[in-house]
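Enquirer: If you scroll down you'll find the structure; I have some questions about it.
The values are calculated or read from the model by the stated rules, or taken from the named source; none is laboratory data. Nothing here was measured: the structure is a model prediction, and the numbers come from that model. Cβ placement follows ideal geometry from the backbone for every residue including glycine, while neighbour counts extend to all protein chains displayed.
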Amino acid sequence: MPFCNVGTQLPSPVADVPLNNDIKIFYRTYGGGPTKVLLIIGLAATHEAWGPQIKGLTGATVPDDVVWSEEEGNGGIHVCAFDNRGVGRSSVPVEKSEFSTKIMAKDAIALLDHLGWKKAHVFGHSMGAMIACKVAAMVPDRVLSLALLNVTGGGFQCFPKLDQQTISVAYRFLKAKTPEQRAAVDLDTHYSQEYLEEYVGTDKRRAILYQQYVKGISTTGMQSNYGFDGQLNACWAHKMTETEIEVIKSAGFLVSVIHGRHDIIAQIYYAKRLAEKLHPVARMVDLHGGHLVSHERSEEVNQALFDLIKASKVNMSPHDWTNLPKKESWWKEKRVLIRTNIQAGSNVSLNCCMLEKLHLFLLYLFGLLVLAFEYGRKLLGSLKPAQAGGSPSYIESQ
């Protein structure tokens with residue numbers, strides 16, 4: 001089986017994270033050619049969740065199927081997708097301290113070493129995009145381009161949109177104990193309601209996907225408690241410092257921030273904020289879809305990834321690549337806003353500020369309720385053994 005023992009790699013001078021000799025990372029490679037792409041998946045998902053992108057980029061449908069696709073003039077794309085620590089067939093540490101986006105980025109770098117890839121395009125989804133950001137900041141000289149799908153800045157930005165639907169989804173997610181319960185809540189988490197209600201032949205897509213999800217979860221089992229808690233902790237603790245942002249901006253590669261505008265888990269507002277911080281090297285791709293936009297709008301996502309690869313090959317200028325407006329200085333923006341408000345005789349700025357503070361407070365309160373519920377659940381189940389098994393490729397809730 002293809003495993004990378006991250007403990008066999010020499011410590012990197014740019015990363016102050018020690019390696020655990022007992023951690024093994026399971027991976028698969030697809031296609032072949034000079035263009036290398038590393039795919040990093042998100043919370044609770046296995047590498048197989050990249051299925052539509054693996055097929056779209058390489059033409060391959062099974063691991064180690066060497067397909068040299070000349071589509072889009074890329075001359076062959078070689079993809080590696082892997083299970084993060086804590087899920088699938090990779091090792092599951094029992095301590096939360098062994099999970100962070102920086103530690104998991106170190107796993108990804110060790111995998112690049114294991115494969116002998118000096119440089120690669122690094123694409124991440126959700127938590128995987130957080131990890132990809134850390135990879136780019138830690139070893140910028142090894143990154144050819146960076147794609148961030150359905151990403152946030154971590155921490156409180158991981159809170160879902162606060163409304164009746166997401167509160168219901170969060171409650172059902174925490175209560176889900178069977179494949180059927182988990183499949184039902186995952187559908188509402190991953191896709192837009194419009195997409196789920198579309199008919200495919202005589203059946204709604206929701207019914208078709210539900211059967212696929214139940215089968216997948218039943219086959220592979222639910223993710224272990226240790227793995228889920230550890231990965232969730234990595235999301236809460238994630239943060240990109242201003243120094244790390246500057247490293248990415250000055251590294252010389254292009255960035256594509258791809259997001260589903262109906263994502264109730266990772267709100268597009270925060271993805272746009274990150275893209276703006278990365279101006280002028282970043283492009284924002286706003287698609288009609290939910291959190292798993294890579295499945296819901298796979299053709300559009302794949303085209304955005306091809307565009308990124310092609311732009312990188314021709315060394316496109318960041319100013320030709322970005323579609324974001326040039327940012328003015330903070331004081332100039334503030335002065336224009338104040339002048340506009342005075343001329344309009346309104347209190348728009350004050351109202352927006354108050355609404356944002358109220359939103360953050362409600363998110364904080366919601367987080368406390370979720371943590372309290374989770375603590376109570378664990379307290380009641382403390383005498384029960386932790387559930388073992390990996391998570392199916394379909395589950396990708398963050």
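Enquirer: Taking segment 89-135, which residues are closer than 15 Å to Ala234 by Cβ, assigned to a helix (DSSP H, G or I) and of a type in the set (A, V, I, L, M, F, W, C)?
Expert: Ile103, Met104, Ala105, Ala108, Met127, Ala129, Met130, Ile131, Ala132, Cys133, Val135
Enquirer: Pairs under 9 Å by beta carbon, first residue aromatic (Phe, Trp, Tyr) in segment 94-105, partner surrounded by fewer than 23 Cβ atoms within 10 Å (Cβ to Cβ), six or more apart or different chains?
Expert: Pairs found: Phe99/Pro93; Phe99/Asp229; Phe99/Leu232; Phe99/Asn233; Phe99/Ala237.
Enquirer: Residue under question is Gln231, and the condition is that it be in contact (Cβ under 8 Å) with a residue 60 or more places away in the chain, out of contact with any Ser or Thr (no Cβ under 9 Å at 6 or more places or on another chain) and loosely packed, with under 15 Cβ neighbours inside 10 Å; does it hold?
Expert: The answer is no for Gln231.
Enquirer: Looking at Ala129, is it surrounded by 24 or more Cβ atoms within 10 Å (Cβ to Cβ) and in the same structural domain as Lys277 (by TED's automatic domain parsing)? Outline the logic, then answer.
Expert: Values: surrounded by 24 or more Cβ atoms within 10 Å (Cβ to Cβ): yes; in the same structural domain as Lys277 (by TED's automatic domain parsing): yes.
Here the answer is yes, as Ala129 does meet what is asked.
Enquirer: Identify the residue in segment 243-272 that is polar (S, T, N, Q) and not in a helix (DSSP H, G or I) and, among all such residues, is surrounded by the most Cβ atoms within 10 Å (Cβ to Cβ). Outline the logic, then answer.
Expert: Of all residues in segment 243-272, those polar (S, T, N, Q) come to 243, 250, 256, 267.
Going one step further and asking which of them are not in a helix (DSSP H, G or I), we end up with 256, 267.
On the way: Ser256: 25, Gln267: 21.
Top of the filtered list is Ser256.
Enquirer: Mind checking which residues of segment 205-242 are modelled with pLDDT of 95 or more and not in a helix (DSSP H, G or I)?
Expert: Within segment 205-242, His238, Lys239, Met240, Thr241 qualify.
Enquirer: List pairs: first residue in segment 242-267 and over 26 Å from Pro160 (Cβ atoms), second residue part of a helix (DSSP H, G or I) and not hydrophobic (A, V, I, L, M, F, W, C) anywhere in the structure, Cβ distance under 6 angstrom, at least six positions apart or on different chains.
Expert: Val247/Pro140; Ala251/Pro140; Leu254/Ser312
Enquirer: Considering segment 195-204 alone, what residues qualify as being free of Cβ contacts under 8 Å to residues at least 24 places away in the same chain and assigned to a helix (DSSP H, G or I)?
Expert: Step one: of segment 195-204, the residues free of Cβ contacts under 8 Å to residues at least 24 places away in the same chain are 196-204.
Matches in segment 195-204: Leu196, Glu197.
Enquirer: Now a separate question. Based on this model, can you work out whether Met240 counts as in contact with a helix residue (DSSP H, G or I) (Cβ under 7 Å, 6 or more places away or on another chain) and under 22 Å from His259 (Cα atoms)?
Expert: Numbers: in contact with a helix residue (DSSP H, G or I) (Cβ under 7 Å, 6 or more places away or on another chain): yes; under 22 Å from His259 (Cα atoms): yes.
Yes: the conditions hold for Met240.
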